[in-house]
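Q: First the structure, then my questions, so here it is.
Each reported figure results from applying straightforward, stated rules to the coordinates on display, with no laboratory input. The shown structure was predicted, so the numbers you read here are calculated from the model rather than taken from an experiment. Here the Cβ is made from the backbone with ideal geometry for all residues, glycine too, and neighbour counts use every protein chain on show.
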Amino acid sequence: MFVLHSDYGTAGDQEQAINSLMEQIEANQERCVLMGVTGSGKTFAMANIIERLGIPTLILSHNKTLARQLWQEMSELFPKNAVEYFVSYYDYYQPEAYLPNRDLYIDKELQMNERIEQERFSTVASLVTRPDVITVGTVSAIYGLNPPEAFQESYLHLEVGDSRQPQEIMRVLVEMQYRRTTSDITRGDVRLRGEVLDVWMPSRDDPIRIQFGWDGIEKITVCEAVSWEPLDEFEEAWIHPRKFYMTGEERFLQAIEDIEAELDERIDFFVAEGRDLEAHRIEQRTKFDLEMLRETGSCKGVENYSMHFDGRSEGERPYCLLDFYRFCAENFHGGADKFLVIMDESHVTLPQVGGMFGGDWSRKANLVEYGFRLRSAHDNRPLKIAEFQQLIPQMMYVSATPGERELRHLAEVVGRPVHDGLLHAPAGGGRGKPDVDKKLGRFAMEEILSELPEAVRMEIRPTGLLDPKVEIRPTKGQIDDLLSEINRCVERNERVLVTVMTIKFAEEVAEYLLKMNVKAHYLHSEIDTIERTEIIKALRIGHIDVIVGINLLREGLDIPEVSLVAIFDAEREGFLRNERSLLQTIGRASRNENGRVILYADKVSPSMEAAIKQTDARRARQEEFNVANGITPRTIHKALPVMGAEVDDLLAGAAGKGRGGGRRLVARKPGTKGLDGIVKKFGLGSGAWNSTDSVLENISQPDWVNAANDAMAEAPKATTEGATADEGDRAKLIARLEKEMKQAAERLEFERAAALRDRIYQIQTAE
């Protein structure tokens, strides 16, 4: 079912941890906890568990950037399975809101991302058609979707020999919300030319061509999007709806009636209250939506009427991605409970899940109260934490620093007494209430874990890398002290992370370092996700030597080039400086053999003491393991990223031959080049740091990439020289040029594609 592909096996204490978790899961233990230190191979352990269990798995992350990183790793480990990526529009838009104190209405601002749309569709399509699905997503998975049964019923099944005529199939596709066109098509379009019907599903990078004869469908092919060259031929095709929110005609008409009835009720309510403005507002807005629904089948903000279209009662939970997993498990694995949820970085993710309902309800309360939305808008919502926990048969909490909610939940599941240090945490993983309002005392995480042996530990790194050495230094002269340490790291071509308490201080420190000729940049919540990613890439490739951040330099950040982490105000107790936060931040230096951490503080707080004690204990255990096994720690080496490049790796999908599925390349968006390109776009200080005309010269690439670029830039003789290289380099060069040629064709740059084709021929025929 799930086939793990890896050049290496388990090492360190991974096998022991995996076996313990497998025993718990196979014994139907509802909740498990994996405490894996940074760099211990938690992702690989998760992959091994998925392979051995052989059931659909949902991996939740609190952060879409980390989710993307995790998806990339899982895609490489499971190349033959459907590894999907699922984030919501809620991660990328400005939601509708009303601020009564300012009488300010903020309209929904949705920046529709075609890639996100495609991947969301691919996820649900895989879950209703395949048994081998792994989805990596954010907590947006708990937001509302159409019922899986409705999505499956809306599928159009076509097969060779089908006697239906093209006009008949076209009508069905239009009812499924596909856009009819007579010119070039894009995702979500359908085109009929004579006896040829072209359909491009939102989940695919390649359209489907259906050819008709006298007796019906004669041929079904998947074609290349630009040239329409056939890529594969199928006996059948399953075409899913263009939109998530689909419903039958009968249900649609009933929903319209229900919305009208609710509108009348709401108008009467406002009139009785003497609030004529609100009555007029809700009447105008809702009637406009109703008219759009009748004419087009949709409207802006249609999700706010989801309760009526789903046929749910007020307060009844919405359908979500978990329902698709239940559907997949029941259809392919013999029971709705035959799936697993893994919550990555659970100490952050679980509280986030619990807080989403409250935030959504608070925002919509003003919209409903002041006549911008009907009361049913409240039922377009994320799951409550109790609903979330109830839907999941088995879940594995994964973190280097498991939170108090997860540890209490585990204790309750295995029947252990709840530790005094956990009594203030909500019961049932957030489902119930705490026993006490405030923490009874200060308890180190290690103390609690020692009384909970069912929490599985993975504390040995297969690489042999040690936890970093931790130093405490006074705050007096801390900036100058840090500057000298940074200069030493820069001389060794190593990177530095600095964490502070406020946005203002982060910017001030970064500006000061810049004045001192240090390539520094700040990173905080006011910088959007794409820019954050590019800043971190710039750090890895050496365009930046130092990043100054607040709370973003913690969970899951994998930068092996970082050898020094500096923490200002380390003694300040609170969320940013508690034991778990300090351990997470310290962990950022654990992927480098020269890893060090400097805590700038004038006293040692209890959190500092606990974090240092645990770090030293882990370091001692790793040293003992290294001596016993003859391991010499070496810095992890990862391929350097390319700035400005969208992820263009293979994405598993539903539309393939049989259950084996198909794989398709996701198109890369063209990037901006030169000095006015990526680094300047993201304000990375290119003008101050570069002496060349192009920032691309500062980006590290594999040697064969540079060879390919040289081959294109130089005279034809360069081709001949390239041909004299060894066959391995020559093959890489040809592969690179072929990839460039295909991408040029996709962008309709046919002259460049032809030039690349000629260069490839020259290299292949050179003696």
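Q: Along the Cα-to-Cβ line of SER313, 7 Å from the Cα, sits a label point; which residues in segment 367-411 have backbone N less than 16 Å from it?
A: 379
Q: Further question on the same structure: Suppose R0 equals 56 Å. What FRET efficiency, 1/(1 + (r/R0)^6) with r the Cβ-Cβ distance, do GLU235 and VAL271 give to the nearest 0.05?
A: Values: r = 61 Å, r/R0 = 1.09.
It comes out at approximately 0.35.
Q: Taking a spot 7 Å from the Cα of ALA27 along the direction of its beta carbon, which residues of segment 450-464 have an amide N less than 13 Å from it?
A: 453-456
Q: At 7 Å along the Cα-to-beta-carbon direction for both ASN629 and TYR155, put a label point, then send me their distance in nm to one decimal.
A: About 4.4 nm separates the two model spin labels.
Q: Here's another thing I want to ask about it. Read phi for every residue in segment 24-35 and hand back ³J(HN,Hα) as whole Hz from Karplus 6.51 cos²θ - 1.76 cosθ + 1.60, θ = phi - 60°, with x for Gly and Pro.
A: 5, 5, 5, 7, 6, 5, 5, 9, 10, 10, 10, 9
Q: Amide H to amide H, which residues 5 or more places from MET343 or on other chains are under 5 Å from it, using H placed in the peptide plane?
A: HN-HN under 5 Å from MET343: LEU60, MET396, TYR397, VAL398.
Q: When ranked by the protection proxy of mean other Cβ atoms within 10 Å per residue, highest first, what sequence do the peptides 505-517, 50-62, 156-168 form?
A: On the way: 505-517: 16.5, 50-62: 22.7, 156-168: 13.5.
Packing order, densest peptide first, comes out as 50-62, 505-517, 156-168.
Q: May I ask for the net charge around GLU218, where only other residues with Cβ less than 14 Å from the Cβ of GLU218 are counted and Lys, Arg are +1 while Asp, Glu are -1?
A: -4
Q: Residue-wise, which Karplus ³J(HN,Hα) couplings in Hz belong to segment 99-105, taking 6.51 cos²θ - 1.76 cosθ + 1.60, θ = phi - 60°, and x for glycine or proline?
A: These are the phi-based 3J(HN,Hα) values: 10, x, 5, 10, 6, 10, 9 Hz.
Q: Of all trypsin sites (Lys or Arg not before Pro) in segment 428-499, which ones are in loop regions per DSSP and have a Cβ with at most 14 other Cβ atoms within 10 Å? List each step's numbers first, then the result.
A: On the way: sites: ARG431, LYS438, LYS439, ARG442, ARG457, LYS469, LYS476, ARG488, ARG492, ARG495; in loops: ARG431, LYS438, LYS439, ARG442, LYS476, ARG492.
Filter output for segment 428-499: LYS438, ARG442, LYS476, ARG492.
Q: Using a Debye calculation, one point per C-alpha and no hydration shell, please list log10 I(q)/I(0) for segment 319-363 at q = 0.16, 0.27, 0.34 Å⁻¹ in order.
A: These q points yield log10 I(q)/I(0) values of -0.61, -0.90, -1.05.
Q: Considering amide H positions built from the backbone, and no H for Pro or chain starts, which residues 5 or more places from GLU471, or on another chain, come under 5 Å of its amide H?
A: For GLU471, whose amide H was placed from the backbone, the distant partners under 5 Å are VAL597, ILE598, LEU599.
Q: For ASP232, enumerate residues with amide H under 5 Å from its amide H, sequence gap 5+ or separate chain, H modeled in the peptide plane.
A: Distant-sequence amide H within range of ASP232: VAL222.
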